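Everything on this sheet refers to the single structure shown next.
The values are calculated or read from the model by the stated rules, or taken from the named source; none is laboratory data. Computed from a predicted structure; not experimentally measured. Virtual Cβ from ideal backbone geometry, glycine too; neighbours counted across all protein chains shown. Keep in mind that these areas ignore ligands, DNA and RNA; they rest on the heavy atoms of the full protein, side chains included. Shrake-Rupley method; radii C 1.70, N 1.55, O 1.52, S 1.80 Å.
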Amino acid sequence: MPAGYWCPVLHAHLPYVRHPEYPEFLEEDWFFEALSETYVPLVRVLDGLLQDGVEYRLTLTLSPPLLSMMQDDLLVGRYHRYLDRLVDLSHREVERTQAHDHRFAEVARFYAHEFADIRRIFRQTYSSDLVRAFRKHRDAGKLEIITCGATHGFLPLMETVPQAVRAQVQVAVRHYRKVLGRDPAGIWLPECGYYP
């Protein structure tokens, strides 16, 4: 008999950022960095586990703001440009380090490969739809996707306004149902904030 089980729960959330009034906006770059450094690499690992037949179970929160940004056409288009610039820069850095600074040539090649692979997974494998990627793993029975408060509001601070707490949960559940096609099996309390 096993001594116990390890039940990892990953929490994925970013504040909602979208600034169509500017051609580029710093906070949108934070979202693009999270896609490139966390969410696409996570999908790549999950794809590998599924392809190799590894038995695993994982729970992942995808907050409503994050899901919304992942499906926003403006942000997806800007992410394409962001990826193209990264790939271009990494190729130029490979050329530069090979010609002038051999100490960093290997790391430059690593990043050129990494960014190209992230772009391939995002564009070609999942047609720019990371929600589809996570849904695939949920539907395979490997990934339990749960929701979070609608705006990631700290619920104990809303205790004096119970309607606000209910709204955080109800809006999150409706959004989950709309985006992922079923009710969530659970909810992550924003900032682990609990009150009786």
Run down E114, E37, E27, E93 and say which single residue is more than 16 Å from V131 (Cβ to Cβ), at pLDDT 95 or above and in contact with a Pro (Cβ under 9 Å, 6 or more places away or on another chain). E114
Checking the structure you have, find out if any residue of segment 30-51 is in contact (Cβ under 8 Å) with a residue 40 or more places away in the chain, in contact with a strand residue (DSSP E or B) (Cβ under 6 Å, 6 or more places away or on another chain), open to solvent by less than 80 Å² (accessible area, probe 1.4 Å) and farther than 15 Å from D117 by Cβ. no
Could you count how many residues in segment 126-140 are in contact (Cβ under 8 Å) with a residue 24 or more places away in the chain and either aromatic (F, W, Y) or closer than 17 Å to L35 by Cα (or both)? 8
Looking at segment 58-75, which of the residues that are aliphatic (A, V, I, L, M) and surrounded by 20 or more Cβ atoms within 10 Å (Cβ to Cβ) is farthest from T38 (Cα to Cα)? L75
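Condition check: assigned to a helix (DSSP H, G or I), within 13 Å of F32 (Cβ to Cβ), open to solvent by less than 30 Å² (accessible area, probe 1.4 Å) and of a type outside the set (A, V, I, L, M). Does R78 satisfy that? Outline the logic, then answer.
Working: assigned to a helix (DSSP H, G or I): yes; within 13 Å of F32 (Cβ to Cβ): yes; open to solvent by less than 30 Å² (accessible area, probe 1.4 Å): yes; of a type outside the set (A, V, I, L, M): yes.
Spelling it out, R78 is indeed assigned to a helix (DSSP H, G or I), within 13 Å of F32 (Cβ to Cβ), open to solvent by less than 30 Å² (accessible area, probe 1.4 Å) and of a type outside the set (A, V, I, L, M).
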When residues of segment 1-18 are limited to those that are loosely packed, with under 12 Cβ neighbours inside 10 Å and of a type in the set (A, V, I, L, M, F, W, C), the one nearest to E191 (Cα to Cα): C7
